[in-house]
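Chemist: Below you'll find the structure I mean.
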Amino acid sequence: MPQAIKRRARKVRGVIENWLSSCRGRAQAMLGMARDDGSLKGRIVRNASWVGVSYGSELVLRFGSSLIVTRLLEPSVFGLISTVSIFLTIVFMLSDLGLRPIVLTHKRGDDPDFLSSVWVLQIFRGVILTLLLVAMGLTWHVAQQRGWIAAGSSYADPLLPGLLAFVGLCLLFGGFNSINEFRLARHLEQGAVTRIDIVSKTATTIANIVFAFFLRSVWALAIPMVLGAIIRSALSMRLPGPKMRFRVNWADLKEVFGHSRWIAITSLLTVITLSADKLIIGYAFGLTALGIYSIAFALFDAVQNLPLKFNSAVSISVMKALENHDREAFRAQYYRFRLPIDLYSIAFGLGFAIFGQLMITLMYDPRYASAGHYLQIFGIALLLLPFAVTANILIAAQRFKYTFFVTLLKGISFLVGLAVCAYFKSLTGLVFVVGLQRLPEILVYLLAPGSGIPFSLKRDGVLLGLATLVTVGLALRW
């Protein structure tokens, strides 16, 4: 009997050793591929790895900080800093000049003179935005003093004007970030950028905890925001690439502004559509409904964030690298690149559609039960998520005007849908509009002449078919 046991043990050990050897071989093969700088596939693998590292570290830092800081500060503090952050985001996006996609796609995206001109423009924008937020803070203070803002409103907090002016410094220091960050993204070399992101976010998280322990006020969150912007800007100067200089070529600026006007208007529409659902729900259905909706949306957003980060970091550069291929080769490489996003979206989209209600039931008390139905509907949005890559084909080709009109159509249809549902007091219908908001964009890509967007019945047809089945199934249950 002991001999039989020993033989079985040796057999099991052999199987395990063979499996480990196989895994080690695959890992070494992937590592070798990722190090092959001349291979587009290798750079994509390496960049995807860095996106995963960035996403994972951000989740850990955010969750760890939340566990500690929420025990040191009052809930109202987070509401106040959230209000300031909304203003900061709106001001930033409304003035978006599209410098990143321009550097990624411009033929002189590696030219030191061109990069320096873009950097000076970015600094100038940061100065203007900071002065704008200071002016907003002063105006808000005057409005509070004269009683133009309701006393019970969250906008009546006396700290809000000072916070707006102070946090505006983030945009000032952010303007000095090296444009080499965009140049590295152009060549799918995100490693150095991810490292400085992790360092600056870690420093900000530590500062949050330390200041929260000593200050116990909203300034414990505001000061680290500015410190994080300073640290990131300083670290960005160490990124590999040409040294940034205060040098302006007016011809370069004229060309940048030629593209920027369409990107700026597109960003305006994006800001509106990103905020419209929450603003309308809060106004038409009340804060309780908004809170329940926000629970479901936060879970959905956490899932969609990973492929969106990957798309933002990689896809424009990949589409640019593939644009010289013939149509069939481009089509094959495009769908090959999109495959992981398709599989991810199908897995989580169907998972939300089938198990969304169960997830909410297990995680939250009965007051949040309706969030389960909303989460199921967000499964539709996940199934349509791979088409986010499609838009970057147009951006890589510098067809910013075409992108603007697609975004305009998408924004108008989205806002009309929200308004109709709000008028008829249908919150579930409104959530369906959110889940299907990418549909008009997809129809333009498929039906509009001259879009140049590939379509595969096998790949795109499956996604659209699954989204249709889920939509009909959930609508019938509703």
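The values are calculated or read from the model by the stated rules, or taken from the named source; none is laboratory data. Here the structure is a predicted model, which means the values were calculated and not measured. Virtual Cβ from ideal backbone geometry, glycine too; neighbours counted across all protein chains shown. To get the accessible areas, we keep the full protein, side chains included, count just its heavy atoms, and leave off ligands, DNA and RNA. Shrake-Rupley method; radii C 1.70, N 1.55, O 1.52, S 1.80 Å.
Chemist: Take every Cα pair under 8 Å in region 145-247 that's 6+ residues apart, average their separations, divide by the length, and report that relative contact order as a whole percent.
Modeler: 40 percent
Chemist: I've got another one for you. Among the listed pairs LYS243/LYS320; LYS107/LYS401; LYS320/LYS401; LYS278/LYS425; LYS254/LYS401; LYS107/LYS254, which have their C-alpha atoms separated by more than 20 angstrom in this model?
Modeler: LYS243/LYS320
Chemist: Roll a 1.4 angstrom probe over the protein heavy atoms and tell me the percent of accessible area of the chain that is carbon or sulfur. It would help to have the intermediate numbers written out before the result.
Modeler: Values: 16490 of 24260 Å².
Heavy-atom surface of the chain belonging to carbon and sulfur, 1.4 Å probe: 68 percent.
Chemist: Moving on to the next point. Per the helix-only calculation at 222 nm, which mean residue ellipticity applies to the chain, given -39500 (n - 2.57) for every DSSP H run of n ≥ 4 and division by its residues, nearest 500 deg cm²/dmol?
Modeler: Numbers: 20 runs with 376 residues, N = 478.
Calculated at 222 nm, the ellipticity per residue is -27000 deg cm²/dmol.
Chemist: Using a 1.4 angstrom probe on the protein heavy atoms only, line up TRP219, TRP140, TRP250, TRP478 by accessible area, largest first.
Modeler: Result, largest first: TRP250, TRP478, TRP219, TRP140.
Chemist: Suppose the chain between TYR368 and VAL462 were pulled fully straight at 0.36 nm per residue; how much longer would it get relative to their current alpha carbon spacing?
Modeler: Answer, rounded to one decimal: 30.6 nm.
Chemist: Same structure, new question: Report the accessible area of PHE355, computed with a 1.4 Å probe over the heavy atoms of all protein chains in place, in Å² rounded to the nearest 10.
Modeler: Near enough 110 Å² of accessible area.
Chemist: Now a separate question. With only Lys, Arg, Asp and Glu charged, each at its Cβ (+1 for the first two, -1 for the last two), find how big the charge dipole of region 185-320 is about the Cα centre; round to the nearest 20 debye.
Modeler: The dipole of region 185-320 has a size of about 520 debye.
Chemist: Spin-label point model (7 Å from Cα, Cβ direction): what's the ILE86 to SER66 distance in nm?
Modeler: 1.9 nm
Chemist: How many nm separate the modelled label positions at ARG108 and THR428, each set 7 Å beyond the Cα in the direction of the Cβ?
Modeler: 5.8 nm
Chemist: Can you run phi through the Karplus equation (6.51, -1.76, 1.60; θ = phi - 60°) for region 325-332 and list ³J(HN,Hα) in whole Hz, with x for Gly and Pro?
Modeler: Each residue of region 325-332 in turn: 6, 5, 4, 5, 5, 4, 4, 5 Hz.
Chemist: Quick one: Karplus J couplings for region 428-433, per residue in order, coefficients 6.51, -1.76, 1.60, θ = phi - 60°, nearest Hz, x for Gly and Pro?
Modeler: Karplus values, whole Hz, x for Gly and Pro: 5, x, 5, 5, 4, 4.
Chemist: If you don't mind, there's one more thing I want to ask. Taking θ as phi - 60°, what are the ³J(HN,Hα) couplings along region 312-323 by the Karplus curve (6.51, -1.76, 1.60), each to the nearest whole Hz, with x for Gly and Pro?
Modeler: 3J(HN,Hα) across region 312-323, in whole Hz: 5, 7, 10, 5, 4, 5, 5, 4, 5, 5, 8, 5.
Chemist: Amide H to amide H, which residues 5 or more places from MET237 or on other chains are under 5 Å from it, using H placed in the peptide plane?
Modeler: Amide H neighbours of MET237, under 5 Å, 5+ apart: SER178.
Chemist: While we're looking at this one, here's another question. Taking the solvent-accessible surface of protein heavy atoms with a 1.4 Å probe, what is the per residue accessible area of the chain in Å²?
Modeler: Numbers: 24260 Å² over 478 residues.
Accessible area per residue: 51 Å².
Chemist: If you don't mind, there's one more thing I want to ask. Report the extension gain between ILE128 and LEU339 in nm, rounded to one decimal, defined as 0.36 nm multiplied by the number of residues separating them, less their alpha carbon distance.
Modeler: Gain on extension, ILE128 to LEU339, equals 71.8 nm.
Chemist: In whole Å, largest first, what are the principal axis extents of the Cα atoms in region 375-438?
Modeler: So the three principal-axis extents are 42, 23, 7 Å.
Chemist: Based on Cβ point charges of +1 for Lys and Arg and -1 for Asp and Glu, what charge dipole magnitude is obtained for the chain about its Cα centre, in debye rounded to the nearest 20?
Modeler: Values: 47 positive and 24 negative charges, 313 e Å.
Computed about the Cα centre, the dipole is about 1500 debye.
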